[in-house]
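Undergrad: This structure is in structure tokens; I'll ask about it shortly.
The values are calculated or read from the model by the stated rules, or taken from the named source; none is laboratory data. Here the structure is a predicted model, which is why all the values come from computation and not from measurement. Every residue, glycine among them, receives a Cβ derived from its backbone with ideal geometry; neighbour counts consider all protein chains shown.
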Amino acid sequence: MGQSESSAADEPPAKRPCALVVVGPSGVGKGTLINKLMSSSTRFGFSCSHTTRAPRPGEKDGEHYHFTTREAFESGIERGDFLEHAHVHANIYGTSVQAVRALADDGRCCVLDIDVQGARQIREAGLPAVFVFIAPPSMEELEARLRRRATDSEEQIQTRLAAAREEMDSRGEEGLYDYILVNDDLDRTFAELAAIASRALAGESPSPGGTASAVFAAGGEDPAGAAGDEEAAGSPAAPSVMVLGADGPAGERLVRALCAARSAGRVVAVGADARRMERLQAEVLRSGGATQRFLPVVADVTKEDEARALPRIVADRWEGGALDAVVICALPAPGDALELAAARKEPVKGRLAAGLVGPSVAVAACLADAPASPLQVLAVTPAEPSSGWDGLAQAALVHFCRGLVLETPDRVAGGVVRLRDPASVEALIPYLAMVSTTVITSTIGFPRIGPNREMKKALESFWAGKSTQDELVQTAEQVERTAWQAQKDAGIALIGLDSTLYDQVLDFTNYLGLIPERFQSVEAGLPRYFAMARGVPGAPALDMQKYFDTNYHYLVPELTAPLSAKADWSALLAKVQRGQALLGAGSAVPILLGPVTLVALSRLPEGADAATLVSQLLPAYVELLGELKKLGVPEVQVMMRMLCVWGGVFVWVGMLVVWGNTSFGRGQDFILGLAVLEHPAMATTLLISREIPCIKRRGFWAIFACTAHASKLTTETKRCETSMIG
Ligand SMILES: Nc1ncnc2c1ncn2[C@@H]1O[C@H](COP(=O)(O)OP(=O)(O)OP(=O)(O)O)[C@@H](O)[C@H]1O
Ligand SMILES: Nc1nc2c(ncn2[C@@H]2O[C@H](COP(=O)(O)O)[C@@H](O)[C@H]2O)c(=O)[nH]1
């Protein structure tokens with residue numbers, strides 16, 4: 001895609017070349033890339049650094065490094081011989097003024113292979129230079145490269161890996177790097193570096209924007225898993241949108257508005273016109289737009305290979321970052337026609353291709369790249385149908401979009417949006433923010449008895465006095481681990497922490513301290529828990545009742561009015577921590593029995609008001625959510641039985657779950673609840689229905705949960721999740 005390094009390298013430069021500063025963790029491939037660059041043209045000259053480290057086999061003094069002693073190095077620093085120097089991996093490295101000056105005097109582009117600290121110093125020194133950070137595709141691959149290189153001891157490898165994480169973090173440093181490249185494929189990365197180097201050679205001061213396929217501006221996000229600035233990177237659940245035709249009037253506006261909108265996610269802007277794309281990127285940067293979530297790509301999607309490369313370019317920037325929506329703004333607006341005709345030798349073919357062929361290939365590539373993900377495809381066309389070839393392309397685009405949706409209804413949604421003028425494209429922003437096509441696998445439950453009914457056997461043995469409390473707890477935690485691990489191994493992203501010793505309603509009765517008087521003299525902990533479940537002399541067990549319309553029976557809480565509850569969530573929080581330890585904090589999702597459901601399932605005292613009882617439970621739930629937030633849970637599943645608006649704490653959001661032709665109007669067949677606590681970002685809608693055709697067929701129950709984030713509830717529904725439980 002648009003490589004121009006060879007021509008730039010062969011022609012005499014008009015201006016003095018800038019230096020090229022190459023930074024990146026040890027082992028990422030800087031040296032390998034720089035060697036290739038050196039062999040590509042004699043106009044590049046390597047700045048031979050000084051170092052106190054010992055030469056590796058094959059390294060030559062004065063070629064790879066000036067190998068020197070610590071004393072000599074330190075005297076050189078005192079004399080001011082060094083443009084920059086740094087302590088790296090327990091040695092001193094530095095770039096001498098002399099090395100850079102000699103190459104500059106020679107009219108060559110001076111290439112520096114230095115660490116992050118050195119790069120900062122060179123920036124501060126104001127040396128005209130282009131700064132490129134080379135990132136590995138993953139930290140595992142970085143380690144593998146260091147090992148394969150076989151030049152460092154185990155201790156040195158560990159030192160280099162420890163430093164690598166810090167160096168990776170430097171990618172987010174404002175104003176440090178002009179480009180970030182991911183060196184996954186050596187040839188492609190070299191082509192990208194060469195394209196950048198040709199600019200440095202031509203003395204072009206770094207302007208944001210790329211010329212080649214995966215060249216993108218600084219601010220890259222996390223190919224190796226380092227944490228980025230969350231706000232700048234957009235909420236992970238916010239949809240990723242690719243705008244085709246970002247170099248046209250509507251596309252430009254849409255990209256600018258998406259980058260400015262806090263509700264939007266990642267924005268991939270694709271356009272063929274490099275100048276307009278550079279201008280667009282400069283505008284986004286100037287306006288403080290979230291560069292962490294912005295990826296400009298100069299590509300001509302009418303060229304099949306460039307269109308097909310798009311998903312890979314996105315994946316290079318954001319590992320696993322599937323697109324949620326593609327907006328095609330490629331169709332020329334009336335004002336563009338002249339420009340387009342002037343720019344293309346074959347305007348008719350060109351217009352059709354720009355309007356239709358390119359986007360369709362690009363969309364097909366995005367669909368093929370992420371076969372499991374749905375995609376919203378919106379085509380933006382002028383409101384007034386054009387005449388001639390533009391009109392034809394427009395009509396074809398409409399048919400293309402319709403066809404796409406009809407042919408792949410389970411993958412593609414969307415349609416054609418007719419705009420009166422390019423400015424009105426901004427009206428799409430709230431819609432795009434709501435695109436909830438990122439299906440994240442999640443579970444809300446798992447058989448709790450154990451693969452071989454271990455829990456049943458352990459309980460019976462404990463009750464019969466044949467095993468101890470510790471043995472029972474050990475078995476329960478083993479069953480719990482097996483269930484969670486099975487879900488983890490199945491690749492589930494969000495795993496509901498569904499486990500209990502006996503009954504989850506009884507668990508919440510206990511967490512909340514809703515202990516009926518007749519059990520209060522029983523020893524707290526498991527003795528009291530099982531006394532409530534099975535009864536003890538003088539204190540009959542709680543009643544058992546069907547859990548909604550399942551075959552499961554729960555123990556009915558007995559409430560008093562007013563509630564004399566004193567919550568103790570420590571057992572639940574310990575379970576969450578066990579889940580986090582096994583699954584990772586980002587995957588472990590606590591499941592709560594909501595206060596409304598709990599009251600609805602309980603036996604209430606005569607004449608008690610359920611609403612009052614719920615409001616008395618709320619402080620304990622608010623406290624719990626605060627604790628869960630501190631633990632960093634990604635979300636909370638709350639089992640709610642009904643819609644509720646309560647004391648300003650719960651907010652009704654409005655939610656519809658539709659499955660085929662199944663209506664909700666089945667009385668007791670469904671439970672629909674959606675409630676949101678104001679401060680934690682959480683909402684859950686549950687629909688349980690035996691009427692859903694696929695459930696009937698499989699004999700499963702299904703629960704469809706739609707999760708929203710409280711902070712932006714009015715406009716956004718973040719994610720749709722479909723989970724099945726057996
Ligand atoms: N894209 C790539 N894929 C696989 N291996 C690569 C790739 N690029 C470089 N390598 C290999 O990785 C190893 C490390 O590369 P190199 O020595 O160039 O890293 P470096 O960044 O210069 O390290 P240092 O900073 O320690 O000098 C080498 O064995 C090289 O051949
Ligand atoms: N600040 C500087 N860092 C330098 C310089 N020369 C090399 N380096 C960096 O050191 C590490 C380790 O290099 P190695 O050759 O021992 O593997 C690597 O990140 C280099 O980029 C320099 O002059 N200044």
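Undergrad: Would you mind stating whether SER499 is farther than 27 Å from TYR621 by Cβ and either modelled with pLDDT under 95 or surrounded by fewer than 20 Cβ atoms within 10 Å (Cβ to Cβ) (or both)?
TA: So SER499 fails the test.
Undergrad: Just name the residue that is nearest to ligand 1 (Cβ to nearest atom) out of those in the stretch 134-145 that are in a loop (DSSP other than H, G, I, E, B) and surrounded by fewer than 23 Cβ atoms within 10 Å (Cβ to Cβ).
TA: Of all residues in the stretch 134-145, those in a loop (DSSP other than H, G, I, E, B) come to 136-138.
Those left that are additionally surrounded by fewer than 23 Cβ atoms within 10 Å (Cβ to Cβ): 137-138.
On the way: PRO137: 8, SER138: 12 Å.
Filtering the stretch 134-145 for residues that are in a loop (DSSP other than H, G, I, E, B) and surrounded by fewer than 23 Cβ atoms within 10 Å (Cβ to Cβ), the one nearest to ligand 1 (Cβ to nearest atom) comes out as PRO137.
Undergrad: Counting only residues that are within 22 Å of LEU127 (Cβ to Cβ), within 14 Å of ligand 2 (Cβ to nearest atom) and of a type outside the set (Val, Ile, Thr), give me the strands (runs of 3 or more DSSP E) lying completely in the stretch 15-93 with at least 3 of them.
TA: 82-88
Undergrad: Condition first: farther than 19 Å from SER170 by Cβ and away from ligand 1 (no atom under 16 Å from the Cβ). Now tell me which residues in the stretch 15-39 satisfy that.
TA: Scanning the stretch 15-39 gives LYS15, ARG16, PRO17, CYS18.
Undergrad: Is one or more of the residues making up the stretch 550-561 β-branched (Val, Ile, Thr) and under 37 Å from the mean Cα position of the chain (by Cα)?
TA: Yes, there is a match, as at least one residue in the stretch 550-561 is β-branched (Val, Ile, Thr) and under 37 Å from the mean Cα position of the chain (by Cα).
Undergrad: Condition test on VAL116, is it closer than 21 Å to ALA197 by Cβ and touching a Ser or Thr at 6+ places or on another chain (Cβ under 8 Å)?
TA: The answer is yes for VAL116.
Undergrad: Residues in the stretch 119-133: is at least one closer than 20 Å to SER40 by Cβ, touching a helix residue (DSSP H, G or I) at 6+ places or on another chain (Cβ under 9 Å) and either assigned to a helix (DSSP H, G or I) or near ligand 2 (Cβ under 10 Å from one of its atoms) (or both)?
TA: Checked the stretch 119-133: no residue is closer than 20 Å to SER40 by Cβ, touching a helix residue (DSSP H, G or I) at 6+ places or on another chain (Cβ under 9 Å) and either assigned to a helix (DSSP H, G or I) or near ligand 2 (Cβ under 10 Å from one of its atoms) (or both).
Undergrad: Mind checking which pairs have a first residue in the stretch 171-189 that is closer than 10 Å to PHE131 by Cα and a second that is assigned to a helix (DSSP H, G or I) and within 16 Å of ligand 2 (Cβ to nearest atom), Cβ under 7 Å, 6 or more apart or different chains?
TA: Within 7 Å, the pairs are LEU176/ALA119; LEU176/ARG120; LEU176/ARG123; LEU176/SER170; TYR177/ARG171; ILE180/ARG171.
Undergrad: Being hydrophobic (A, V, I, L, M, F, W, C), over 30 Å from ASP185 (Cα atoms) and crowded, with 20+ Cβ neighbours inside 10 Å, is that true of even one residue in the stretch 107-124?
TA: no
Undergrad: In the stretch 611-625, which residue that is surrounded by 14 or more Cβ atoms within 10 Å (Cβ to Cβ) and either without any contact (Cβ under 8 Å) to a residue 24 or more places away in the chain or hydroxyl-bearing (Ser, Thr, Tyr) (or both) is farthest from ALA567 (Cα to Cα)? Talk me through it step by step, then tell me what you get.
TA: Residues of the stretch 611-625 that are surrounded by 14 or more Cβ atoms within 10 Å (Cβ to Cβ), as a first pass: 613-618, 620-622, 624-625.
Checking the rest, the ones that are also either without any contact (Cβ under 8 Å) to a residue 24 or more places away in the chain or hydroxyl-bearing (Ser, Thr, Tyr) (or both) come to 615, 621.
Details: SER615: 14, TYR621: 9 Å.
Once the filter is applied, the top-ranked residue is SER615.
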